[in-house]
Amino acid sequence: MRGYESGLCAEFVEVIHRQAAGRRVSAVRVRVGARHAVTAETFRQAFCRAARGTAAQDAAVHLVVSPVTIDCDGCGRRTESMDPPLRTPARARAAAGAAGPAPGPSLAELDELDELDELDGAYVCPRCAGDRVTVSGGDELALEAVWFRTQAR
């Protein structure tokens, strides 16, 4: 499990625990954008760990993942994606005509992409692989709903 999901879940659980004010939580709905690259199973595991000993312990977790929208200036296509293609030096070389397949990013390239993502430069068009794109959405982090258990009488 990545530390990123653990950190996100710890923050969500802290907010939920404060809102609970002593009540037990039965379920939560969280919205996370696709740019965060969070998987449902990993998120649920991290949430369960973070919720131990809190009002949210044993709560059902409903994760909603929002897509990234990519508008390409090159081909004019608008695409929504849950897993948008990343621009890497290897992909840039391949797009420029270099031989061989464009492999996925290396760890060093991923660090570089974290910085590029702030400028939308980390993504390419899924259709034409062009890098003149405008990226929107997919960066959400929101606690959408919290359901509380009803008290037995």
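Among the residues making up segment 32-79, a single one is charged (D, E, K, R), without any contact (Cβ under 8 Å) to a residue 40 or more places away in the chain and outside the structural domain of residue 9 (by TED's automatic domain parsing): 78.
Every test in (1) assigned to a loop (DSSP other than H, G, I, E, B); (2) closer than 30 Å to residue 14 by Cβ; (3) at pLDDT below 90 is passed by residue 114 save one, and that test is (1). In the set (1) modelled with pLDDT under 95; (2) surrounded by 20 or more Cβ atoms within 10 Å (Cβ to Cβ), residue 39 fails one condition alone, (2). Given the structure, is residue 26 at pLDDT 95 or above, farther than 14 Å from residue 143 by Cα, of a type in the set (Ser, Thr, Tyr) and not in a loop (DSSP other than H, G, I, E, B)? The answer is yes for residue 26. From the list 106, 66, which one is at pLDDT 95 or above and not charged (D, E, K, R)? That would be 66, the only listed residue that is at pLDDT 95 or above and not charged (D, E, K, R).
The values are calculated or read from the model by the stated rules, or taken from the named source; none is laboratory data. Quick caveat: nothing in here was measured; it's all calculated off a predicted structure. Using ideal geometry, Cβ is built from the backbone for each residue, glycine included, and neighbour counts are taken over all protein chains shown.
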